[in-house]
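The values are calculated or read from the model by the stated rules, or taken from the named source; none is laboratory data. Remember, predicted model here, so these are calculated numbers, not experimental data. A quick note on method: Cβ atoms are made from the backbone with ideal geometry, for glycine too, and the neighbour counts reach across all protein chains shown. Only protein heavy atoms, including side chains, enter the accessible area calculation; ligands, DNA and RNA are left aside. Shrake-Rupley method; radii C 1.70, N 1.55, O 1.52, S 1.80 Å.
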Amino acid sequence: MSFMLRAIQLSKEGMEHNHGGPFGAVIVKDGKIIGEGCNRVTSTNDPTAHAEITAIRNACQALNAYDLTGTEIYCSCEPCPMCLAAIYWARISKIYFANTRKDAAAIGFDDDLIYAEIPKNNNERLVPAFQLLHTEALQVFEAWKLKEDKTEY
């Protein structure tokens, strides 16, 4: 409970200091906070500076690693799709959240819009996507597959 209370405190402090929206996150390993963050979208002009992303960046820096296996994240709100993906990429082992995406929508943060877009076909989304130069790009992927000195992740 103390870790979630810290995430909520960060959401409040960040909001009060006009860092961004009312969101906070804490990453814990072995019972200790190793990274935390609040939303900093508007203060940094960075649409990816969500609390969870900031906490992940801080935790990775603290551990000098990109793999956060064995950690838990406490979020003041259910993660948006971008943050959820980042949590998976970081290999965080468990997610706890307080507010829901419906609560966020009620105050103007409509993460449900993006959740609804994900299963649609690329060209049917609000921001349509179209594939170009697949053959050329695939050559780089083939080179990666053969690269002997790569760091796999």
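In plain terms, if you count all Cα to Cα distances in segment 87-153 and split them into 10 Å steps from zero, the share in each step is 14, 22, 33, 21, 9, 0 percent. If you line up the long axis of helix 134-146 against the longest principal axis of the chain, both from Cα atoms, how many degrees apart are they, to the nearest 10? Once rounded, the angle reads 80 degrees. Sorted on the mean count of surrounding Cβ atoms within 10 Å across their residues, most packed first, peptides 9-17, 130-138, 67-75 read 67-75, 9-17, 130-138. Working note: Cα atoms of segment 21-107, range along each principal axis, descending, whole Å: 35, 25, 20. Estimated purely from DSSP H runs of n ≥ 4, each contributing -39500 (n - 2.57), the mean residue ellipticity at 222 nm for the chain is -12500 deg cm²/dmol once divided by its residues. Computed on the Cα atoms alone, the convex hull of segment 17-72 gives a volume of 78 cubic angstrom per residue. Short-range pairs are left out: with C-alpha atoms under 8 Å and at least six residues apart, the relative contact order of segment 71-137 is 28 percent. Taking amide hydrogens as placed 1.01 Å from N in the peptide plane, the amide H of residue 77 sits under 5 Å from those of 24, 98, 99, each at least 5 positions away in sequence or on another chain. Counting Lys and Arg as +1 and Asp and Glu as -1 over every other residue whose Cβ lies under 12 Å from the Cβ of residue 104, the net charge comes to -3. The aspartates and glutamates whose alpha-carbon is closer than 19 Å to the alpha-carbon of residue 12, local same-chain residues fewer than 8 away aside, are 36, 52, 78, 103. Taking Cα centre as origin and charging only the Cβ of basic (Lys, Arg, +1) and acidic (Asp, Glu, -1) residues, the dipole magnitude of the chain rounds to 260 debye. Seen from residue 6, the other residues with C-beta closer than 15 Å to its C-beta sum to a net charge of -1, counting Lys and Arg as +1 and Asp and Glu as -1.
Orientation-averaged projection of the chain equals 11.3 nm² [convex hull of Cα atoms, one quarter of hull surface area]. Only Cα pairs under 8 Å and 6+ residues apart enter the sum, and on that basis the relative contact order of segment 14-153 stands at 16 percent. Loop-located trypsin sites (Lys or Arg not before Pro) in segment 25-134 (DSSP state not H, G, I, E or B) with no more than 11 neighbouring Cβ atoms inside 10 Å: 120. Here the Karplus relation 6.51 cos²θ - 1.76 cosθ + 1.60, evaluated at θ = phi - 60°, turns the backbone of segment 28-44 into coupling constants of 10, 9, 6, x, 10, 6, 10, x, 8, x, 10, 5, 10, 4, 6, 7, 10 Hz, with x for every Gly and Pro.
Expressed to the nearest 5 percent, the antiparallel share of DSSP beta bridges inside segment 1-121 is 70 percent. Just the protein heavy atoms count here, and of the accessible area of segment 9-153 at 1.4 Å, carbon and sulfur take up 56 percent. Between residue 100 and residue 42, the contour length at 0.36 nm per residue exceeds the Cα-Cα span by 18.7 nm. Average accessible surface for the chain: 66 Å² per residue, computed with a 1.4 Å probe over protein heavy atoms with every protein chain in place.
Summing charges over neighbours of residue 27, with a neighbour being any other residue whose Cβ is under 13 Å away from its Cβ, gives +1 when K and R count +1 and D and E count -1.
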